[in-house]
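Scroll down for the structure; my scribbles are underneath it.
The values are calculated or read from the model by the stated rules, or taken from the named source; none is laboratory data. Everything numeric here is computed off the predicted structure, so don't read it as measured data. Glycine also receives a Cβ, built like all others from the backbone with ideal geometry; neighbour counts cover every protein chain displayed. With ligands, DNA and RNA removed, areas are computed over all heavy atoms of the protein, side chains included. Shrake-Rupley method; radii C 1.70, N 1.55, O 1.52, S 1.80 Å.
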Amino acid sequence: LSKEELIGFFVARHEELERLTEGLRREAKAQPQHHLVVGARGMGKTTLLNRLRYAIEDDEELASRCFGLAFPEEQYNVVCLADFWLNCVDALADGLESAGRLELLDGLDEEIARVQALPQKDERGRRALKLLCGLSDRLERRLVLLVDNVDLVLDRIDKEQWALREVLSSEARIQLVGATSAPLESYYRHDKAFYDFFRVHHLEGLDDEETLTVLRRMAEETG
């Protein structure tokens, strides 16, 4: 869907969207709180993350402080934390291109290639994160990582989850808003890295009136 189509079809999750945008707005000047959207498949998690990205773009206050990064729904190329940070750099590059901030892309491909060529994954991860934060400084925006199926990413970097938590706990330039349809073992087990770490937003099923409202809006938008 185009931006206009997605906004037009977005009907049923306005309360959840408002809670998330209010949270981002409230946290914009402080150390960020990280958020987790939880709901069964088909509940609208992906659409909510995309709608949040557009809400950040269209809100003058938020857009002056935050920049939302969109990712593929499933990041199959993530094997280690370095891969995730490089995906963030790629997502930011796509966003900068779409926003017309081409001056920030000068030399970026070469810098990414140099990072990818590093043999040690820890050094790749450190350099990729430094590159990401440097772009955040040049953009003068906090980077909001809108990560769908975040459980798959965390599973793939299982041995580096504590390292990711350390970065998210200390790095004010990065904020994570993830979505998952599976309970995160690392969230509900007290010995895991992300125990009691996220502010959780549960998506429940639609009631009859909400369902009819969605259908009416779809009928109107499609003619």
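Rounded to 0.05, the FRET efficiency of the Lys121 and Ala63 pair, given R0 = 41 Å and the Cβ-Cβ distance, is 0.75.
Hey, got a sec? Which trypsin sites (Lys or Arg not before Pro) in the stretch 31-78 land in a DSSP loop and have at most 10 other Cβ atoms within 10 Å? Mind showing how you got there, number by number?
Details: sites: Arg41, Lys45, Arg51, Arg53, Arg65; in loops: Arg41, Arg65.
For trypsin sites (Lys or Arg not before Pro) across the stretch 31-78 that sit outside H, G, I, E and B with at most 10 neighbouring Cβ atoms in 10 Å, the list reads Arg41.
How would you classify the stretch 80-223 from its alpha-carbon gyration tensor, with a ≥ b ≥ c the square roots of the eigenvalues: rounded for a/c under 1.5, else prolate if a/b is greater than b/c, otherwise oblate? It comes out oblate by the Cα gyration axes. Just add up the charged neighbours of Thr180: K/R +1, D/E -1, any other residue whose Cβ is under 9 Å from the Cβ of Thr180. Overall, the nearby charge balance is -1. Computed from Cα positions, the angle between helix 121-139 and the longest principal axis of the chain comes to roughly 60 degrees.
Once a ≥ b ≥ c are taken as the square roots of the eigenvalues of the Cα gyration tensor of the stretch 48-160, is the result rounded (a/c under 1.5), prolate (a/b larger than b/c) or oblate (a/b not larger than b/c)?
It comes out oblate by the Cα gyration axes.
Roughly how many whole Å is it from the C-alpha centroid of the stretch 88-105 to that of the stretch 1-78? With the stretch 88-105 and the stretch 1-78 each reduced to a Cα centre, they are spaced 18 Å. Within the chain, the longest segment free of exposed loop sites, counting GluC sites (Glu not before Pro) that fall outside DSSP classes H, G, I, E and B and have at most 11 other Cβ atoms within 10 Å, spans 1-73.
For the chain, relative contact order (Cα pairs under 8 Å, six or more residues apart, normalised by length) works out to 33 percent.
Lys/Arg Cβ at +1, Asp/Glu Cβ at -1, dipole of the stretch 97-158 taken about the Cα centre: which of Leu104, Cys133, Leu154 is farthest positive-ward? Highest projection toward the positive end goes to Cys133. Counted by Cβ distance under 11 Å from Asn77, the other residues give a net charge of -2, where Lys and Arg count +1 and Asp and Glu count -1. Specify the residue with the greatest mean-square fluctuation among Ser181, Ser64, Ser98, computed from a Gaussian network of the chain linking alpha-carbon atoms under 10 Å apart. With Cα springs under 10 Å in the chain, the top fluctuation among Ser181, Ser64, Ser98 is at Ser98. Lysines near Lys29 by alpha-carbon distance under 24 Å, same-chain residues fewer than 8 away left out - which ones? Leaving aside lysines fewer than 8 places away in the same chain, those within reach of Lys29 are Lys130. Round to the nearest 0.05 the FRET efficiency obtained for Asp106 and Glu18 when R0 = 41 Å and r is the Cβ-Cβ distance. Result of the calculation: an efficiency of 0.60.
On a 1.4 Å probe surface of the protein chains, which of Arg126, Arg142, Arg25 comes out largest in accessible area, and what is the full order?
Values: Arg126 125, Arg142 20, Arg25 55 Å².
Ranked from most to least accessible, the order is Arg126, Arg25, Arg142.
The modelled label-to-label distance for the pair Thr211/Glu73, using points 7 Å beyond Cα in the direction of Cβ, is 2.2 nm.
Within the straight-line cut-off of under 24 Å between alpha carbons, the lysines reachable from Lys3 are Lys45, sequence neighbours fewer than 8 places apart in one chain being disregarded.
Tell me, what is the per residue accessible area of the chain in Å², probe radius 1.4 Å?
Working: 11770 Å² over 223 residues.
It amounts to 53 Å² per residue over the chain.
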